[in-house]
Structure formats: structure tokens, C-alpha cells
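Report on the following structure.
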Amino acid sequence: MLVTLNDVLKDAQKNHYGVGLFNTTDSDMLQGVIDAAEELKSPVIIGTAEVLLPYGELKHILPSIIAAAKRATVPVVVHLDHGLTFERCMEAIKLGVSSLMYDGSAHSYEENIKNTREIVKIAHSMGLSVEGEIGHVGEAVSSDNDKDDLYTTVKEANQYIDDTGVDALAIAIGTAHGAYKQKPKLDLQRLQDIRKSTDVPLVLHGGSGLSDDDFKNAIKYGIAKVNIFTDMCVAGANATYEYLKANEGCVQMNAYLEARNKKVEAIKNVTMEKMRLFGSVNKA
């Protein structure tokens, strides 16, 4: 069933578990995530990000995700992750997402607020939910982040929520997008301080590559939504490569189709691992 972020994150926050956002760029990834959610009876958030659109355009991938969400036996949020432009956010809304994230973190605070507020106004008028971001979740070139000025402060979080009216807030506490080059160090005290100061569900970006303890602690201290993409890609790519390498003598089309099945299975398995870790099993 198709639902919004508010439908799943408020319960996650109240009952101290996390709901995973699993970004998808093709039907293999979509199938793996939906199958995992239904088997474990877990709510799930599925979507794509603007930076991923060269690998799966909105007009192609979103209708498939929305149709799968409506057929699903568990709550499924269809989400645009890291919408960087007003135009892309509006396109996603027109195509039928149930929630979206506007990422204005690269702009000045004033521009970020102005754009986010306008998107929130439009989305709320249509019954959709909106995630925003304050602080800066960087790229994983170095994850022993000592750039404290990039981390979200309690004051910034509360001011941003008041200024925009977002339904969920992505905060920067030491994670990064992509594959980590060094072990990340999360500022859990900062997370606790932000959690105590607001009732808006908090979001952790850059989840792939964190340890199990990192995830558990982040959820324990207030994260309700966790974003995953890289781990899924790695699992799917490895499964495809290993099968084709071991079966290079097979008829080409048969080998490709069976490799696809292996890819779906691998993505399903890593998704289920995350759902168990986040505590969302049987929460649908």
C-alpha cells in the first residue's frame, strides 16, 4: 500500500526502530526490496535520488515503483531523495510520489529556507510529506570528519524546522555518501541533543558502510529513517559478476537472465539484513 513518510516515521520514532530508504535505479533493485519487505512484514521507503537519474529517469522508474507500492501487502513510501532543483521536485510530485526530500544544503541558508518552504506548501496541499536537510552530509573521501562546522547544531535544526515546516529532518552527525575510505565516527551526543529538542523524525544519510553498532546506536538515540544505496549496489554487482564469471560457457541470454536472478536475490538479502538491524521487522 502506498503511504507517506508521516504514516511510517511517527510510529518508528515512538517505538524506537528505523525504517530504511532503499534507493533503486531499475526493476531488479525494486523487486529485491519489495520482496524483502513483504517477507519480513516491514514498512519500507523506496525511491531514487536526483544524482541517480542518469541510470534510471524519473519518468521511467517512478511509475514502476508506485505501481509496486500500491500492490504491496506492506506500507511503502515512494520517495524522491535529494531533489536538488524545484523543477525535479515538481516532476516527482506530478508523477505520483508520496514524499520527497528537497536538498538545499548547498545553497545559502536563506535560499534553502525559501525553496524548502515553497515545496512544503505545495506538497502539504496534496497530502504529501517532505524531508529537509540542514548541515552537510559530505562525500566519503575522509570520514574522520573534524569539520565541526558542517555538522548540524541543535539551534540550526530547530530554526530550520520552524522556518520550513518539514515533516522529517536529515541531520549531519558524521556520515558521508558513498563507500567509506576510513572508519566513520558518529557524534551520538549531538544526535541525542537534537532528538531531545524536536518531535520531528530524524534521518540518517550515508548509511552504507556503517557498522551494526553504528546503526543500532543511531536508532537508539533518535534516528527514525536510514538511507541505503551503496550496499545494495555492491551486493547486486558482486552477485552478477560471480555468476557470469563461473558460467561464461553458458548460452549468453540464459546466463544473463540467471545472473539477474542472482542480483535480485543478493539485493533482497542485504535489504533484509538492514531491516532486521533497524528493527522494522513485523512493524507493517
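The values are calculated or read from the model by the stated rules, or taken from the named source; none is laboratory data. Keep in mind it's a predicted model, so treat the numbers as computed, not measured. Virtual Cβ from ideal backbone geometry, glycine too; neighbours counted across all protein chains shown. Note: areas computed on protein heavy atoms with side chains; ligands, DNA, RNA excluded. Shrake-Rupley method; radii C 1.70, N 1.55, O 1.52, S 1.80 Å.
Assign unit charges at the C-beta atoms only (+1 for Lys and Arg, -1 for Asp and Glu), then state the dipole size of segment 12-128 relative to its Cα centre in Debye, rounded to the nearest 20. Mind showing how you got there, number by number?
Values: 10 positive and 14 negative charges, 101 e Å.
For this selection, approximately 480 debye.
For the chain, which whole-number percentage of the solvent-accessible area (1.4 Å probe, protein heavy atoms only) is attributable to carbon and sulfur atoms? Mind dumping the intermediate values first?
Values: 6480 of 12740 Å².
Carbon and sulfur together cover 51 percent of it.
How large is log10 I(q)/I(0) at q = 0.17 Å⁻¹ when the Debye formula is applied to the Cα atoms of the chain, each weighted equally and without solvent?
After summing over all Cα pairs, the log10 values are -1.42.
List the lysines whose alpha-carbon lies under 30 Å from that of LYS59, not counting same-chain residues fewer than 8 positions away?
LYS10, LYS41, LYS70, LYS94, LYS114, LYS121, LYS225, LYS262, LYS263, LYS268, LYS274
Can you compute 3J(HN,Hα) from phi for each residue in segment 84-99, using the Karplus curve 6.51 cos²θ - 1.76 cosθ + 1.60 with θ = phi - 60°, rounded to whole Hz and x for Gly and Pro?
9, 10, 4, 5, 5, 4, 5, 4, 5, 4, 4, 7, x, 4, 9, 7
Express the relative contact order of the chain as a whole percentage, based on alpha carbon pairs under 8 Å and six or more residues apart in sequence. Working shown, then result.
Numbers: 576 pairs, mean separation 65.4, N = 284.
Over the chain, the number comes to 23 percent.
Return the loop-located chymotrypsin sites (Phe, Trp or Tyr not before Pro) in segment 226-284 (DSSP other than H, G, I, E, B) with at most 12 other Cβ atoms within 10 Å of their own Cβ; answer none if there are none. Could the numbers behind the result be given before it?
Working: sites: PHE229, TYR241, TYR243, TYR256, PHE278; in loops: PHE229.
In loop regions of segment 226-284 (DSSP not H, G, I, E or B), there are no sparsely surrounded chymotrypsin sites (Phe, Trp or Tyr not before Pro).
If ARG190, ARG276 are ordered by their accessible area, calculated over protein heavy atoms with a 1.4 Å probe, which sequence runs from highest to lowest? Present the calculation step by step, with values, prior to reporting the outcome.
Working: ARG190 40, ARG276 135 Å².
Of ARG190, ARG276, the descending order of accessible area is ARG276, ARG190.
Treating the Cα atoms of segment 84-134 as identical point scatterers in vacuum, please give the log10 of the normalised Debye intensity I(q)/I(0) at q = 0.12, 0.13, 0.14, 0.30 Å⁻¹, two decimals.
One equal scatterer on each Cα of segment 84-134 leads to -0.22, -0.25, -0.29, -1.23.
Might you tell me the accessible area per residue for segment 213-254, computed with a 1.4 Å probe and given in Å²? Show your work: numbers first, answer last.
Working: 2380 Å² over 42 residues.
Result: 57 Å² of accessible area for each residue.
Non-local amide H neighbours of GLY20 (under 5 Å, H modeled in plane, Pro and chain starts lacking H): which ones?
ILE45, VAL226
Once you mark the GluC sites (Glu not before Pro) that are in a DSSP loop and have at most 13 other Cβ atoms within 10 Å, what is the longest gap between them in the chain? Before the final figure, lay out each step's value.
Numbers: sites that count: GLU57, GLU248.
Free of exposed loop sites, the longest segment is 58-247.
Between ASP199 and MET126, what is the label-point separation in nm under the 7 Å Cα-to-beta-carbon projection?
For MET126 paired with ASP199, the spin-label model returns 2.7 nm.
Within segment 250-284, find all residues whose amide N lies under 11 Å from a label point positioned 7 Å from the Cα of GLU39 along Cα-to-beta-carbon.
264-273
Going from most exposed to least, what order do THR230, THR116 have by accessible area with a 1.4 Å probe? Could the numbers behind the result be given before it?
Values: THR230 35, THR116 0 Å².
Highest to lowest solvent-accessible surface, that is THR230, THR116.
Can you tell me the order of 221-227, 64-70, 209-215 when each peptide is scored by its average per-residue count of other Cβ atoms within 10 angstrom, highest first? Write out the running numbers ahead of the final one.
Values: 221-227: 25.7, 64-70: 18.4, 209-215: 16.7.
Peptide ranking by packing, descending: 221-227, 64-70, 209-215.
Using the heavy atoms of the protein chains and a 1.4 angstrom probe, tell me the accessible area per residue for segment 39-109 in square angstrom.
Values: 2800 Å² over 71 residues.
Result: 39 Å² of accessible area for each residue.
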